[in-house]
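Asks: Sharing a structure here in structure tokens format.
The values are calculated or read from the model by the stated rules, or taken from the named source; none is laboratory data. On a predicted model such as this, the values are computed, not experimentally measured, just so you know. Cβ atoms come from the backbone with ideal geometry, glycine included; neighbour counts cover every protein chain shown. Keep in mind that these areas ignore ligands, DNA and RNA; they rest on the heavy atoms of the full protein, side chains included. Shrake-Rupley method; radii C 1.70, N 1.55, O 1.52, S 1.80 Å.
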Amino acid sequence: MRGGNMVLAAILIAGSLAVATDWLFLGVLFREARGNYPEVWWPAIRDRETVPAKIWTVLLGFVATAGVVLLCSFVKATGVFDCLALALLVFVAPAAFLLTAFQFIKMDLWVMAAAGFAWLARLLIAGLIAGLMVS
């Protein structure tokens, strides 16, 4: 692994920037879609008790961001393009899972799209920062 301090800095910077992706896609751009199927949300979320879920979202987002940055470092990616390509590949596997689940589970297409765009943006931010700082 190259430059442990740079890797840690990249994780912290990318994770901090990526926190805004959920707010942008789920809170602003696709806000109305959240109400299409209220019965699918956990009761606490329906009652607007979202603080624990938001904390978990931020923590898990940092884990995903760290995963992309560490992957770029471990495979010795050479530049922004390579790190962005790795971030895109990290996105593909769970995206395929969610699209498969969408065929069997009642999920709102727009909520799923918003979450997908938010995660894609989060991972691409991590790839960009990794490409600039780690490779």
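Asks: Could you grab me the full set of residues in the range 110-135 that are more than 9 Å from the chain's Cα centre (by Cα) and free of Cβ contacts under 8 Å to residues at least 40 places away in the same chain?
Replies: Met112
Asks: Take Phe81 and tell me if it is aromatic (Phe, Trp, Tyr) and open to solvent by 90 Å² or more (accessible area, probe 1.4 Å).
Replies: On the way: aromatic (Phe, Trp, Tyr): yes; open to solvent by 90 Å² or more (accessible area, probe 1.4 Å): yes.
Spelling it out, Phe81 is indeed aromatic (Phe, Trp, Tyr) and open to solvent by 90 Å² or more (accessible area, probe 1.4 Å).
Asks: Do you know which residues across the range 33-57 are touching a residue at least 40 places away in the same chain (Cβ under 8 Å) and in a helix (DSSP H, G or I)? Before the answer, list the steps.
Replies: Looking only at the range 33-57, we keep the residues that are touching a residue at least 40 places away in the same chain (Cβ under 8 Å), and these are 33-34, 36-37, 40.
Matches in the range 33-57: Ala33, Arg34, Val40.
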